[in-house]
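Okay, so here's the structure we're looking at.
Throughout, read-outs are computed from the coordinates displayed, never taken from laboratory work. Because the structure is predicted, anything quoted here is derived from the model rather than measured. FYI the Cβ positions are ideal-geometry reconstructions off the backbone, even for glycines, and counts take in every protein chain you see.
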Amino acid sequence: MHTRFAIASLVAAALACAAAAAQIPAQSFAAEQLKTGAEIYARNCSPCHGARMLDPQGASDLRKFPRGERERFVNSVTRGKNQMPPWGDLLKPEEVEALWAYVVAGEKI
């Protein structure tokens, strides 16, 4: 009986944490950074990932990219991944960060 209570308590605690995490506001970015990210995306990313991240044509759907995996995003952009070429020699670090901001913001500029 105590085991069931302990398990139920753990499940309740996990659900409470998940609900609290869902209420954490999205990361905020400067308007200029989002604008720069949108321009970089339109120029370099949209041919494969779709205009405004819609209709990715077989490439990764960036609208679903995990928001907590910034480092993975940066590595993929700078080093390339699968069919995506590396952009590290073409984009400055601040441009990659602007691109990340645009993807995280989800076209809310």
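Between Thr78 and Lys92, the modelled label-to-label distance comes to 1.5 nm, taking each label 7 Å out from Cα in the direction of the beta carbon. Modelled spin-label separation between Glu39 and Ser60, with each label point placed 7 Å from Cα along the Cα-to-Cβ direction: 2.5 nm. Peptide packing for 56-69, 30-43 was compared via the average number of neighbouring C-beta atoms within 10 Å per residue; ordered from the highest value, the list is 30-43, 56-69. Taking a ≥ b ≥ c as the square roots of the Cα gyration tensor eigenvalues, with a/c under 1.5 meaning rounded and otherwise prolate when a/b beats b/c, else oblate, which class fits the range 31-105? Taking the square roots of the gyration eigenvalues as a ≥ b ≥ c, the range 31-105 is rounded.
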